[in-house]
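Read through the structure below, which is laid out as structure tokens, and then see the notes.
Taken together, the values in this text are just the output of simple stated rules run on the coordinates, not laboratory data. As the structure is a computational prediction, the values presented were derived from the model and not from experiment. Methodologically, a virtual Cβ is constructed for each residue, glycine included, from the backbone with ideal geometry; neighbour enumeration extends over all protein chains shown.
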Amino acid sequence: MAQIVLHDMRKESPTYKQTDIIFAGKDNPVSISIPPFVAHGYKVLGNEKVRLFYHTSEVYDSKNPDEERIDWNSPEIGFDWNTKFK
């Protein structure tokens, strides 16, 4: 299982600055659609491997990346990565 964290960074969105957690994996296989400007990361729970597959709408261009990186412990998001409500 994995704890998948989504944080809305779309200023025009009604869920702007809202963080959601999804628990996914063998016990809860799901497909998650992540819109542009929604930051996302994950943490593997337990000792079993987790497989994540990213299906993108465009081919990644390493010379002109269309993504930004945010540190996992960014104060802007302020997410506590301790697992809760598993």
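Summary of computed values
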{"read-out": "Distant-in-sequence amide H partners of residue 45 (H built 1.01 Å from N, under 5 Å)", "value": "2, 3"}
{"read-out": "Taking the chain and dividing mean pair separation by its residue count, relative contact order in percent (alpha carbons under 8 Å, at least six apart)", "value": "32 percent"}
{"read-out": "Charge dipole (debye, nearest 20) of the chain; +1 at Cβ of Lys and Arg, -1 at Cβ of Asp and Glu", "value": "340 debye"}
{"read-out": "Net lengthening on full extension, residue 77/residue 19 (0.36 nm per residue, minus Cα-Cα)", "value": "20.1 nm"}
{"read-out": "Vicinal HN-Hα couplings computed from phi for region 30-36 (Karplus, 6.51 cos²θ - 1.76 cosθ + 1.60; Hz; Gly/Pro x)", "value": "9, 10, 10, 9, 10, x, x"}
{"read-out": "Amide hydrogen neighbours beyond the local backbone of residue 10, cut-off 5 Å, H modeled", "value": "17"}
{"read-out": "Centroid-to-centroid separation of region 63-77 and region 1-42 [C-alpha atoms, Å]", "value": "15 Å"}
